Amino acid sequence: MTPLRPRPGTGPLEGPLVHLDSTGSTNDHARELALRGAPHGTVVVAEQQTAGRGRQGRTWSAPPGRALTLSAIVRLPGAALEQLPLAVAVAVCEACEGVAAVTCRIKWPNDVWIENRKAAGVLIEARPLDGWAVIGIGLNVDTEPGEFPSELRDTAASLRSATGRRVDREDALARLAAWLPRLEDEGAVAGAFRARDALQGERIAWTTAGERQAGEARGIDDDGALVVFTDAGERVRLDAGEVHLDREPAA
Ligand code: BTN
């Protein structure tokens, strides 16, 4: 394993960089720093997480030294915080395509897919009233196919598994430096997301308030909600916070 050797004090978002060998969850570490007043752009990156967290109560695991597991503190106005879920997914796609010969798409709201396998996940924990959020990103960079846990072997990808070539984690980290200006560019996000929308026109199933439903995904609206036409012909908007999107189509 080659540890990251980022330049001390210079994070990819132009704020302080905290580089840890091991931590429970970089999101938890970053949240503590944010509560103590850490500035916009602070990035926490860990070689290993012992309790990595995913969306909707799931866990996130990655072999040490192969993935980028990082969390960034952003202090932004409310409107910019609201569009973070989609903006960060777009930013991760662009970073991946900048360091490896891959094409990334996004499974709403923010899973990054390469050839129908998940390469990155995003966990955003926001405090809109306090004007900050922690953006957690887990990106499989240099993981070899055999290193994924057995239950993920058919569904996960890394930049290395997709290209057959080693990919430098420092290069991927540096590419994420392009984020900051984009996160505040409200006009650009929806269009960039739509161009990468993996669910457009796909049949999907979802569970909301314990009820499973199915329909056809028809892209996002201007608020970033997923628009779906149910089998009964009803147009519904799915909000990422309230909906569990089932991986398998219903039919
Ligand atoms: C998901 O796909 O459900 C989101 C996964 C997010 C994982 C990253 S790894 C860095 C940060 N710290 C965490 O505990 N989770 C996020």
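The values are calculated or read from the model by the stated rules, or taken from the named source; none is laboratory data. Predicted, not measured: the structure shown is a model, and the values here were computed from it. Backbone-built Cβ (ideal geometry, glycine too); neighbour counts: all protein chains shown.
Number of residues in the range 115-134 that are more than 10 Å from the ligand (Cβ to nearest atom), among the basic types (Lys, Arg) and more than 14 Å from Pro85 (Cα to Cα): the value is 1. Out of Asn140, Asn110, I need the residue that is crowded, with 22+ Cβ neighbours inside 10 Å, closer than 20 Å to Glu82 by Cβ and not hydroxyl-bearing (Ser, Thr, Tyr). Which one? It is Asn110.
Pairing each residue of the range 45-73 that is over 23 Å from Asp171 (Cα atoms) and among the hydroxyl-bearing types (Ser, Thr, Tyr) with any residue that is near the ligand (Cβ under 6 Å from one of its atoms) and part of a strand (DSSP E or B), provided the two are 6+ apart or on different chains, yields C-beta distances under 9 Å for Thr59/Arg53.
Considered as a group, the residues in the range 74-90 that are buried (at least 19 other Cβ atoms within 10 Å of the Cβ) and out of contact with any strand residue (DSSP E or B) (no Cβ under 6 Å at 6 or more places or on another chain) include one that is farthest from Ala240 (Cα to Cα), and that residue is Leu76.
For the range 16-30, the set of residues classified as more than 7 Å from the ligand (Cβ to nearest atom), more than 15 Å from Ala126 (Cα to Cα) and small (Gly, Ala, Ser) consists of Ser22, Gly24, listed by residue number. Any chance the range 31-42 includes a residue that's among the β-branched types (Val, Ile, Thr) and either within 12 Å of the ligand (Cβ to nearest atom) or at positive phi (or both)? Looking for residues that are among the β-branched types (Val, Ile, Thr) and either within 12 Å of the ligand (Cβ to nearest atom) or at positive phi (or both), one finds none in the range 31-42, hence no.
Quick check: anything in the range 48-55 in a helix (DSSP H, G or I), buried (at least 23 other Cβ atoms within 10 Å of the Cβ), within 11 Å of the ligand (Cβ to nearest atom) and not basic (Lys, Arg)? No. Checked against the criterion of being under 29 Å from Val227 (Cβ atoms), among the small types (Gly, Ala, Ser) and surrounded by fewer than 24 Cβ atoms within 10 Å (Cβ to Cβ), the range 143-156 has at least one qualifying residue. In the range 96-112, of all residues being closer than 24 Å to Thr50 by Cα and modelled with pLDDT of 95 or more, the one that is farthest from the ligand (Cβ to nearest atom) corresponds to Val112.
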